[in-house]
Amino acid sequence: MECKKHCTAIVLCAGQGKRMGTNVQKQYIELFGKPVIFYTLSAFQNSSIIDDIVLVVGRGQEDYAYGEIVQKYGFTKVKSIVPGGSERYASVWQGLKVVKSGVLGKESLEGYVFIHDGARPFVDEAILKRAYETVSKNKACVAGMPSKDTVKLVDEEQFAVTTPERRYVWMIQTPQVFEASLIIEAYFQLMREEYINVTDDAMVVEQMLKLPVKLFKGSYENIKITTPEDLGIATSFLSNYSAMR
């Protein structure tokens, strides 16, 4: 890839996973003998697109993440492990501050940032390449897939208000990818204004900078492991991958 810009992945691994119903955080639950986060980090470690990784973990888990994840499995691209915040947006900001500090080098400030959920272990090289191609043309982009289902908007009493055309409805995923300077500025404004009514990184850019965000296709397999049912699906996916090897 000619003149490829530097790409930093911020992998969020600080979620509590309350909907999973276990004492183990979802990113550390094992699938085929390895934690979920292993599969996520492997995709970035083995990618020709990603140059380095900032891993954001739960406060107090830094040493565990280093010893039992990064060092144990040889994730050499992980250059920094930082504690996250109480909410997703705060954890993203902790990762962005590493990039902003310049510790990863000047090139990281002039490149792209890939923000990804640690509990999405099925991100792959094809998705990352599509992300790079899209961000290089549009400055801000997010992975997603067209909804397979009809979606209805409801009022506060759960009565249907309207039914948007399905072709305009996408399910949003990660990675969400931005020019480094752009996403740092957007989050800087967010934290300064304490405007915390945001649910993803694209919304931060949309709200703070008034910039449109381009969608590109992720994958229907790029699921986020949130509930016990998701674990069953993930196990099935991994079984299929193993069978094809």
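Before moving on, here are some points about what is shown:
- Taking amide H as placed 1.01 Å from N in the peptide plane, the amide H of Met171 sits under 5 Å from that of Met145, Ser147, each at least 5 places away or on another chain.
- The overall shape of segment 25-77, judged from the alpha-carbon gyration tensor, is oblate: a/c is not under 1.5, and a/b is no greater than b/c.
- Selection from Tyr66, Phe188, Ala126, by position along the positive dipole direction of the chain (Cβ): Ala126
- Phi-based couplings in Hz for segment 118-135 (Karplus 6.51, -1.76, 1.60; Gly and Pro marked x): x, 8, 10, x, 9, 4, 9, 5, 4, 5, 5, 5, 5, 4, 5, 4, 6, 5
- Phi angles of segment 82-88 translate, via the Karplus equation with coefficients 6.51, -1.76, 1.60 and θ = phi - 60°, into HN-Hα couplings of 10, x, x, x, 6, 10, 4 Hz per residue; Gly and Pro are given as x.
- Other-chain or far-sequence residues with amide H under 5 Å of Leu215's (modelled H): Val142
- Each of Thr199, Pro35, Gly111 was scored by the projection of its Cα onto the charge dipole of the chain, and the greatest displacement toward the positive side belongs to Gly111; charges sit on the C-beta of Lys, Arg, Asp and Glu.
- For the pair Asp63 and Glu107 in one chain, pulling the backbone fully straight at 0.36 nm per residue adds 13.1 nm over the alpha carbon distance.
- Relative to its Kirkwood radius, the Cα radius of gyration of the chain gives an Rg/Rh of 0.96.
- Taken about its Cα centre, segment 42-178 carries a charge dipole of roughly 340 debye when the Cβ of each Lys and Arg holds +1 and the Cβ of each Asp and Glu holds -1.
- Largest to smallest accessible area among Met145, Met171, Met203 [probe 1.4 Å]: Met171, Met203, Met145
- Diffusion coefficient, µm² s⁻¹, Stokes-Einstein with Kirkwood Rh over alpha-carbon pairs of segment 116-245 at 10 °C and 1.306 mPa s: 95
- Here the chain carries DSSP beta bridges of which approximately 40% are antiparallel, counting only pairs with both residues inside.
- The slack in the chain from Tyr73 to Ser181, taken as 0.36 nm per residue of separation less the alpha-carbon distance, amounts to 35.7 nm.
- For the chain, adding -39500 (n - 2.57) for each run of n ≥ 4 DSSP H residues and dividing by the number of residues yields -10500 deg cm²/dmol at 222 nm.
- Segment 1-125 - Rg (one decimal) and Dmax (whole number), Cα, Å: 14.0, 47
- Euclidean distance between Cα centres, segment 196-245 to segment 88-167, Å: 8
- The charge dipole of segment 99-223, taken about its Cα centre with unit charges on the Cβ atoms of Lys, Arg (+1), Asp and Glu (-1) only, comes to about 460 debye.
- Shown for the chain: the carbon plus sulfur share of the solvent-accessible area, taken with all protein chains present and a 1.4 angstrom probe, equals 50%.
- Accessible surface, segment 133-205, averaged per residue in Å² (probe 1.4 Å): 60
- Extension gain, Asn197 to Thr163, is 9.8 nm, computed as 0.36 nm per intervening residue step minus the present C-alpha separation.
The values are calculated or read from the model by the stated rules, or taken from the named source; none is laboratory data. Here the structure is a predicted model, which means the values were calculated and not measured. In this analysis, Cβ positions are derived from the backbone assuming ideal geometry, glycine residues included, and neighbour counts consider all displayed protein chains. Please note that ligands, DNA and RNA were not included when accessible areas were found on the heavy atoms of the full protein model with its side chains. Shrake-Rupley method; radii C 1.70, N 1.55, O 1.52, S 1.80 Å.
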